[in-house]
Amino acid sequence: MNFNKMIRVVSLAVVGFAFFGCQSGTSDNEIGLRKSTLFNEEVQVTKYDYNGKVAGESELIERAFENAPPMISHSVEDMLPITKESNACTSCHLPEIAEAVGAIPMPKSHFYNFRKNKDLRGQMDENRFNCVICHATQVNAAPLVVNQFAPDFRQENGNTKSNLIDIINEGVN
């Protein structure tokens with residue numbers, strides 16, 4: 001087979017795959033978990049019953065896996081939006097305040113700039129101001145998919161404490 005003929009055959013195969021491969025018979029209502037068309041921007045958002053307890057009244061939620069960001073165990077309704085200038089989370093979770101108010105202190109990793117490999121000496125990394133990017137509020141809702149994952153914590157209190165700052169370079173040469 002000459003080179004030009006081989007190029008034509010491969011090109012035809014790619015075009016055929018692209019055309020017929022996209023004709024899967026799956027409707028856009030079957031893609032994802034929201035079970036409605038992805039092309040409709042006026043989707044009804046389901047309202048969930050978030051744990052309505054206020055900070056200080058809620059129970060600690062164990063981490064899903066070692067060093068997973070912990071779930072927020074209390075309502076954040078009156079704490080949003082979180083901005084650099086206004087972050088209600090820090091009023092209880094900064095280490096120097098947390099013990100006095102009975103809150104979980106932010107871990108050392110929040111006071112370290114990993115991009116510059118620099119300890120910020122007690123100043124929170126400016127990239128960590130928006131807590132709800134990593135920490136989600138617990139909701140009373142059935143899981144959307146079955147999960148049989150069982151975490152394996154290497155330290156005794158790994159389900160409630162972070163040691164990320166100590167092991168971040170584990171396995172890195």
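Residues Val76, Val146, ordered by accessible area of protein heavy atoms at a 1.4 angstrom probe radius and largest first, appear as Val146, Val76.
Ligands, DNA and RNA are left out, and with a 1.4 angstrom probe the accessible area of the stretch 48-173 is 74 Å² per residue.
Pairs of Cα atoms nearer than 8 Å and 6+ residues apart set the relative contact order; for the stretch 85-173 it is 18 percent. Here the label points at Val10 and Leu60, each 7 Å from Cα along the C-beta direction, are separated by 5.9 nm in the simple model.
The values are calculated or read from the model by the stated rules, or taken from the named source; none is laboratory data. This one's a predicted model, so the numbers in the text were calculated from it and none came from an experiment. Cβ coordinates were reconstructed from backbone atoms using ideal geometry, including for glycine residues, and neighbour counts include every protein chain displayed. Just so you know, the surface numbers come from the protein's heavy atoms only, side chains and all, with ligands and any DNA or RNA stripped out. Shrake-Rupley method; radii C 1.70, N 1.55, O 1.52, S 1.80 Å.
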